[in-house]
Amino acid sequence: MSRFLKTCVWGMTQPWFRANIAVSIDFGRLMAGGKLVKTIFAALLFALTVTVAPAFCADLPAPPPGPPGEYAQSYGDPLAPFNEKMFWFNLKLDKYVLHPVASGYAFVLPKPARESVGNFFNNVNFIPRAANNLFQLKMANAGGEVARFGINSTLGAGGLFDVADSWFGLKQHNDDFGLTLGHYGVGSGAYIVWPFLGPSTVRDTVGYAADSAMWPLPYFVPWYVSLPTGAGKAVVEAVNYRSLHLNLFEEVDRYAIDLYGAVQDGYMQRRAARLKDINSD
Amino acid sequence: MAVTQTMVNHALQIMADKNAPVQQRRRQLREAIENEFDFSEMSRSALGYHWRALSPNQRSQFTQLFTAFIEDAYLSKIQDYSGQQVQFQGQTPLGQGYTQINTAIVQGSKSPISVNYLLLQKDTTWKIYDVTVDAISIIANYRNQFNRVINEKGFGQLMADLQAKQQELASLLGS
């Protein structure tokens, strides 16, 4: 708490804070003349400022090396009752629907073909990857993603083959809006398990919504075309992915004492590691 | 540390030797790993703050069980082994008395899995206190699982669950 207060006080002494207030008052005045609106608007911007402020003082002390031992911190799970229900729902859905369907699909379609389907989806999903690399000012990666899309869509037979990597050595740089938010200092927030979508956090849910909004089809065709197309795409993508990782859960389950806890921690650690990666390159 | 490299290479040899009886390979593998891991540090770390609430007796019981569990988990990898190669990619020092050995498991055309060993110095020897797979710390992962079980059902239930899982893994290995 004291660190939060210190951050607030520090934030208010910064020039950009006063600029924010000045802008917010002007904007409030512009939007509506009333004093109340002005106050609310200023308060909202203030809140935003103190949320973003910690990103600018990112000189937190690194944890000491070695095993954390008995002083290890564990993260809270305020949504645990909801999350656990959703987790078991997803597990059952996987067991009775997704896994059997993916197994049958894997039986009829040979692996190289399924890998090509995976490549195809990877290729059409290039917009959020390119955009988020751009948002994080990783120009080479962003340009690389656009180039990859161009090369794979043409020479790679519409994205079925990742020739940009195998012929030109252009690696894919995975990125998403959750990581962009994290890159600019937004904390992960509570852990959330969504039905169908699986593990996430508050930040990554916002990120997922933003990335989904970058899917271009709904902007060009009416909703009754884009909605079924989008749903179909999501289903095929999920089945294809599962068919390429058929013992995904079985492996984790074999060594887990508490499967929910294992998946939760795995997700949190993986995302933290990804964020560390993109912040260091 | 050279000892870790020797241990991993030795373990790979044992795993690759498909002709030797399972019993014999288990014994060899157990001998190869038991002196390289710091099981008491792993146990303490995996329980986190709950460690402080335990009696010396409970601590040693847990350490014993968790050690058997980790050994069997490692040994059960024998079945999955199909000739993957381990590349040693040098060390990252983690400060005085701590280091990390970076390896990658190469598996054909698929992208390699990074497996890193975290070591601490005890007197003159280096011992492994954690392993990360794809940047996920195994001990931290168990800490989250154990914390949940203890908070919801108590330490007794954790011991029972751990024992059941260990026996499951042991039976998987064949006796």
Checklist entry - From A:Leu197, A:Leu246, A:Leu227, which residue is touching a Ser or Thr at 6+ places or on another chain (Cβ under 8 Å) and surrounded by fewer than 17 Cβ atoms within 10 Å (Cβ to Cβ)? => result A:Leu246
Checklist entry - Out of the range A:91-112, which residues are among the aliphatic types (A, V, I, L, M), surrounded by 13 or more Cβ atoms within 10 Å (Cβ to Cβ) and in a helix (DSSP H, G or I)? => result A:Leu91, A:Leu93, A:Leu98, A:Val101, A:Ala102, A:Ala106
Checklist outcome for this item: Reported set for the range A:147-174 where residues are under 26 Å from the mean Cα position of the chain (by Cα), closer than 28 Å to A:Asn279 by Cβ and assigned to a loop (DSSP other than H, G, I, E, B) is A:Asp162, A:Gly169, A:Leu170, A:Lys171, A:Gln172, A:His173, A:Asn174
Checklist outcome for this item: How many residues of the range B:133-175 are farther than 30 Å from B:Pro21 by Cα, in a helix (DSSP H, G or I) and either more than 8 Å from chain A (Cβ to nearest Cβ) or of a type in the set (Ser, Thr, Tyr) (or both)? The answer is 10
Next on the checklist: For the range A:239-267, give me each residue that is closer than 14 Å to B:Asn141 by Cα and either of a type in the set (Gly, Ala, Ser) or more than 8 Å from every other protein chain (Cβ to nearest Cβ) (or both).
Outcome noted: A:Val252, A:Asp253, A:Ala256, A:Leu259, A:Gly261, A:Ala262, A:Val263, A:Gly266, A:Tyr267
Next on the checklist: Given the condition among the hydrophobic types (A, V, I, L, M, F, W, C), in a helix (DSSP H, G or I) and touching a residue at least 60 places away in the same chain (Cβ under 8 Å), answer yes or no: does some residue in the range A:126-143 qualify?
Outcome noted: yes
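Yes/no per residue for (1) within 29 Å of B:Thr4 (Cβ to Cβ); (2) surrounded by 18 or more Cβ atoms within 10 Å (Cβ to Cβ); (3) modelled with pLDDT of 95 or more:
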position: B:Leu118; (1), (2), (3): yes, yes, no
position: B:Asp130; (1), (2), (3): yes, yes, no
position: B:Ala135; (1), (2), (3): yes, no, no
position: B:Phe155; (1), (2), (3): no, no, yes
position: B:Leu169; (1), (2), (3): yes, yes, no
position: B:Gly174; (1), (2), (3): yes, no, no
Next on the checklist: Given the condition touching a strand residue (DSSP E or B) at 6+ places or on another chain (Cβ under 9 Å) and at negative phi, answer yes or no: does some residue in the range A:115-132 qualify?
Outcome noted: no
Checklist entry - What number of residues within the range B:12-38 are surrounded by 17 or more Cβ atoms within 10 Å (Cβ to Cβ) and in a loop (DSSP other than H, G, I, E, B)? => result 2
Next on the checklist: So, B:Glu41, is that one outside any strand (DSSP E or B), within 14 Å of chain A (Cβ to nearest Cβ) and in contact with a strand residue (DSSP E or B) (Cβ under 7 Å, 6 or more places away or on another chain) or not?
Outcome noted: yes
Checklist entry - Given the conditions (1) in contact with a helix residue (DSSP H, G or I) (Cβ under 8 Å, 6 or more places away or on another chain); (2) farther than 16 Å from A:Asp281 by Cα, and given that A:Asp175 satisfies all but one, which numbered condition is not satisfied? => result (2)
Item to check | Any chance A:Tyr184 is touching a residue at least 12 places away in the same chain (Cβ under 8 Å) and of a type in the set (Phe, Trp, Tyr) | outcome: yes
Item to check | Failed item in (1) within 13 Å of chain B (Cβ to nearest Cβ); (2) of a type in the set (D, E, K, R); (3) loosely packed, with under 15 Cβ neighbours inside 10 Å, with A:Asp281 passing the rest | outcome: (1)
Item to check | Selection from the range A:77-90 of residues that are surrounded by fewer than 17 Cβ atoms within 10 Å (Cβ to Cβ), within 11 Å of chain B (Cβ to nearest Cβ) and assigned to a loop (DSSP other than H, G, I, E, B) | outcome: none
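The values are calculated or read from the model by the stated rules, or taken from the named source; none is laboratory data. Being a predicted model, the structure only gives us computed values, none of them experimental. Note that we place each Cβ from the backbone using ideal geometry, even for glycine, and neighbour counts take in every protein chain shown.
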